[in-house]
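In what follows, a structure is listed as C-alpha cells, so that the remarks can point back to it.
Laboratory data are not the source of any read-out in this text; all were calculated from the coordinates shown. Predicted, not measured: the structure shown is a model, and the values here were computed from it. Cβ coordinates were reconstructed from backbone atoms using ideal geometry, including for glycine residues, and neighbour counts include every protein chain displayed.
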Amino acid sequence: MTVTDTRGPIAPGLAPKKRWLTATVREVTIETPRVRSLVLDVPGWPGHRAGQHVDVRLTAPDGYQAQRSYSIASAPAANTITLTVEMLPDGEVSSYLAGEVQVGDKFELRGPIGGYFVWTPELEGPVFLVAGGSGIVPLMAILRERAAKGALLGAMQPARLIYSSRTYEDIIYRAELEQLAGPGTGLAVVHTLTRGTPAGWTGLARRIDAMMLAEAGIPPDQMPRIFICGPTPLVETVAFTLRELGHSLKLIKTERFGPTGK
C-alpha cells in the first residue's frame, strides 16, 4: 500500500487563498510505530468542517521551504486542530512532523481547504466510510464530529466503517475506534488486515473486495452517504465496486493519495 505526504480530492483544483497562521504543538501522541498525531494551538483559526485539510509549510534556517497537505483529524467542535501524519521514507516534511517534532515547536499552516469531501451532522442518511491506511484520518474527523453532535441532534444516523490496515499494529486510532463503536452508538467498525494477523485474530484478513463491501457495508437501498479515502488503487476499486453493487454515484465521495517523491 502506498502512503504519501500529500492529500487532496480526486477532482483537481486550486486551493482557495488563505493566510498562513502559526501553529504551536500542544501535544504529541504516538498512534503506531510510524504515525503520530499532533494537537495544535492555532490562533486565528477560522474553523473547519469534517473532511477538510490544511497546507503545512516548514522553513529551514537557510530559508528553504517545504510544503505538504494534511487532512484534519479533529472534529470541528474542538478548540484545537489535530493532524495525524505517517512518516515516509525520505519524506522531508513527514520525517519532521512524525519523527522530530516536540511540544512547543512551531510551524506554519493555512486552511481549511476543500469543500467536496466534507460531512456535517445535518446531512440525512446513514454514513458508510471506507479507509485504507492513513486514509482513516479525514474519516476520523467525521466520526468524531458525529459523536460530538449526536446528542445535540437527539439521535445519530447509523454508521459503518470498513478499515484496511497492513497489520494489527498499523491500525491508527485503534482504541478510540473501539470506544466510538460502543453499545448504543449506532457505529460498527470492521477491520481487515492485509499483511499478517496476530494470534487469535478473528477478523477479516484480505484486501477489501465486493463480498466484504456487500456483507459488511450498508445496503444501497438505505441510500448511505459514502466516503472513501486511501491509496489510489484502493479508492478506485472500492468506488467502482460500490457502483456495481447498486450504490448511487451522487452519494459517493472519494479522496485518494499517492507517492510524491519526497
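Taking the Cα atoms only, what angle lies between the long axis of helix 136-153 and the longest principal axis of the chain, rounded to 10 degrees?
70 degrees
Give the angle, between 0 and 90 degrees and rounded to the nearest 10, that separates the Cα long axis of helix 232-244 from the longest principal axis of the Cα atoms of the chain.
Taking Cα atoms only, the helix is inclined about 30 degrees.
Translational diffusion coefficient, Stokes-Einstein: compute it for region 127-257 using the Kirkwood radius over C-alpha pairs as Rh, at 20 °C and 1.002 mPa s, and state it as an integer in µm² s⁻¹.
Value of D from the Cα-based Kirkwood radius: 144 µm²/s.
If you bin every alpha carbon distance in region 39-154 into 10 Å steps from zero, what whole percent lands in each bin?
13, 43, 31, 11, 2, 0
Work out, step by step, the length gained on full extension between LEU251 and GLU215: first 0.36 nm times the residue separation, then minus their alpha carbon distance; give nm to one decimal.
Once the chain is fully extended between LEU251 and GLU215, it gains 11.0 nm.
For LEU234, LEU139, what ranking results if the residue with the fewest other Cβ atoms within 10 Å of its Cβ goes first?
Ascending number of Cβ neighbours within 10 Å: LEU234, LEU139.
Using the Cα centre of the chain as origin and beta-carbon charges of +1 (Lys, Arg) and -1 (Asp, Glu), tell me which of PRO220, TYR70, TYR173 is placed farthest towards the positive end of the dipole.
Positive-end residue among those listed: PRO220.
Cross-link candidates for LYS106: which lysines have Cα within less than 20 Å, leaving aside residues fewer than 8 places away along the same chain?
LYS18
What is the calculated FRET efficiency for TYR116 to GLN179, with r their C-beta to C-beta distance and R₀ = 41 Å, to the nearest 0.05?
On the way: r = 29 Å, r/R0 = 0.71.
About 0.90, to the nearest 0.05.
Can you list the residues of region 63-103 with backbone N under 18 Å from a point 7 Å past the Cα of THR167, pointing along Cα to Cβ?
86-89
Compute the Cα gyration tensor for region 186-262, then decide on rounded, prolate or oblate, letting a ≥ b ≥ c be the square roots of its eigenvalues: rounded whenever a/c is under 1.5, prolate when a/b is larger than b/c in the other cases, and oblate in all that remain.
oblate
In the chain, what percentage of the DSSP-assigned beta bridges are antiparallel, given to the nearest 5?
55 percent
How long is the gain from THR232 to THR80 if the chain were fully straight, where each residue apart is worth 0.36 nm and the alpha carbon distance is subtracted?
51.7 nm
Under a straight-distance cross-link criterion of Cα-Cα below 19 Å, which aspartates and glutamates are reachable from LYS250, leaving out those fewer than 8 residues away in the same chain?
Leaving aside aspartates and glutamates fewer than 8 places away in the same chain, those within reach of LYS250 are GLU122, GLU124, ASP221, GLU236.
Can you show me the helix-derived [θ] at 222 nm for the chain, built from DSSP H runs with n ≥ 4 at -39,500 (n - 2.57) apiece and divided by the number of residues, rounded to the nearest 500.
Values: 4 runs with 45 residues, N = 262.
For the chain, the value works out to -5000 deg cm²/dmol.
Tell me, what ³J(HN,Hα) does each residue in region 107-120 have, in order and in whole Hz, if you take phi through Karplus 6.51 cos²θ - 1.76 cosθ + 1.60 with θ = phi - 60° and put x for Gly and Pro?
Running phi through 6.51 cos²θ - 1.76 cosθ + 1.60 with θ = phi - 60° gives 7, 9, 8, 9, x, x, 10, x, x, 8, 8, 10, 9, 10 Hz.
By the gyration tensor of its Cα atoms, with a ≥ b ≥ c the square roots of the eigenvalues, what is the shape of region 38-95: rounded for a/c under 1.5, prolate for a/b over b/c, or oblate?
prolate
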